[in-house]
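Here the structure is laid out as structure tokens; the discussion comes afterwards.
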Amino acid sequence: MKWNRFTVKTKTEAEDIVISTLAEVGIEGVEIQDKQPLTEEDKAQMFVDIMPEGPADDGVAYLNFYLEEDADKEAILKDVREALDDLKNFMDIGEATIEESQTEDKDWINNWKQYFHQFYVDDILIVPSWEEVKAEDKDKMILHIDPGTAFGTGMHETTQLVIRQLKKYVTPDTEMLDVGTGSGILGIVALKLGAKHVLGTDLDPCAVPAVAENKEANQIVDETFDMVIGNIIDDKAIQDQAGYEKYDIVTANILADVLIPLTPVIVNQMKKGAYYITSGILDVKEEVVVEAVKAAGLTVVEVTHQGEWVSVTARKD
Ligand SMILES: C[S@@+](CC[C@H](N)C(=O)[O-])C[C@H]1O[C@@H](n2cnc3c(N)ncnc32)[C@H](O)[C@@H]1O
């Protein structure tokens, strides 16, 4: 199928607002091209490990979106232009011109599949839906996960660090709370390791369909993995819904800056003797997370590293 690419020329400081405006008129999946260097915080937020040195930032951003060749492009572009014109009344979004080009007649939307193949995290095999499990691997613990809108294929170091800890601590009685569940990968691993029940939380509503798809792909019994959307850090209703002193394991592969306010809250959700497995911590933030964990009254039992990432596991004594 042929696709038409539309490129909105804007300013780097207006990228977010232009992307939100495009979303309001139904344009999702926008690609950003700019020359802004990533800050340390960006790298952590985006979970990007290494970025090559790029050209100097010129303040210009190009936002690409795609429409199928047979889409009603005149009507869609009319809505986009009107929305961008309205936005121009409120802020400087640069030229906001829209250029059209046609992508090659190839299945670009599926091209990224060439970069995602089955792989092992220790003895757990992670397989995308478009690949077969080889006969010799049939007796392995297999996880079916597709890259999607929610984070968590298992390729990232931070996810792998938690998976290794789950292998140590999950028992058949485990009630687990997975804060920032994303694709649901950690919950699914825990259930495959024999856990009794998982509650996943995420801020991002995209986690709901992602978890549902991954549960189905892994034949997870529906009632064993529940989901709530919202911020458990400051939403009392979600804390109540999760339940207090209920969990044997809490996992949180989020950023250090989120783990710090999360930790004193989550302690109330943990049973005595429960384990708190954190990840998503850049090595430069290890010390502050360890301090936050101790300040919340937990005992640090293990700190593990992979690349520049750190996982802190603590117990509620
Ligand atoms: C790095 S991903 C982890 C996904 C998956 N658990 C894994 O280990 O691969 C972090 C997830 O945390 C979510 N998140 C960030 N802050 C959060 C918060 N305060 N409460 C719940 N989820 C949050 C993000 O939306 C994202 O899905």
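The values are calculated or read from the model by the stated rules, or taken from the named source; none is laboratory data. These numbers come from a predicted model, not from an experiment. Neighbour counts run over all protein chains shown; Cβ positions are idealised from the backbone, glycine included. Keep in mind that these areas ignore ligands, DNA and RNA; they rest on the heavy atoms of the full protein, side chains included. Shrake-Rupley method; radii C 1.70, N 1.55, O 1.52, S 1.80 Å.
Worth pointing out:
- Figure legend: label point modelled 7 angstrom from the Cα of Gln241 along Cα→Cβ; residues of region 190-216 with amide N under 12 Å from it are 200-205, 208.
- Residue-count net charge about Val25 - beta-carbon cut-off 10 Å; Lys, Arg +1, Asp, Glu -1: -1
- Rounded accessible area per residue of region 151-315, 1.4 Å, Å²: 39 Å²
- Within the listed set Val284, Val303, Val162, the residue fluctuating most in the Gaussian network model of the chain (springs between alpha-carbon atoms under 10 angstrom) is Val284.
- Helical mean residue ellipticity (222 nm; -39500 (n - 2.57) per DSSP H run of 4+; nearest 500) of the chain: -9000 deg cm²/dmol
- With the gyration tensor restricted to C-alpha atoms of the chain, the semi-axes of the equivalent ellipsoid amount to 38, 24, 19 Å, longest first.
- Projecting the Cα positions of Thr174, Gly26, Gln102 onto the charge dipole of the chain (unit charges on Cβ atoms of Lys, Arg, Asp and Glu, taken about the Cα centre) puts Thr174 furthest along the positive direction.
- Accessible area (Å², 1.4 Å probe, nearest 10) - Met91: 70 Å²
- Under the combined filter of DSSP loop state and at most 14 neighbouring Cβ atoms within 10 Å, region 182-279 retains these GluC sites (Glu not before Pro): Glu245.
- Region 284-317: GluC sites (Glu not before Pro) in DSSP coil with no more than 16 other Cβ atoms inside 10 Å: Glu308
- Charge dipole of the chain (Cα centre as origin; +1 on each Lys and Arg Cβ, -1 on each Asp and Glu Cβ, all else neutral): 1400 debye, rounded to the nearest 20.
- For region 151-315, the Cβ-based charge dipole about the Cα centre amounts to some 560 debye (Lys, Arg positive; Asp, Glu negative; other atoms uncharged).
- Centre-to-centre, using Cα atoms only, region 213-229 and region 188-208 are separated by 7 Å.
- Accessible carbon and sulfur surface of region 172-317 relative to its total accessible area, %, 1.4 Å: 53 percent
- In this structure, the residue pairs whose Cα-Cα separation is over 24 Å, taken from Lys168/Lys294; Lys9/Lys73; Lys271/Lys294; Lys167/Lys236; Lys9/Lys113, are Lys167/Lys236; Lys9/Lys113.
- In region 227-296, chymotrypsin sites (Phe, Trp or Tyr not before Pro) in a DSSP loop with at most 14 other beta-carbon atoms within 10 Å: Tyr244
- Residues of type aspartates and glutamates that Lys78 reaches as a straight line, Cα spacing below 14 Å, ignoring anything fewer than 8 places off in the same chain: Glu24, Asp86, Glu99, Glu100
- Relative contact order for region 151-315: 23 percent, from Cα pairs under 8 Å spaced at least 6 residues apart, divided by residue count.
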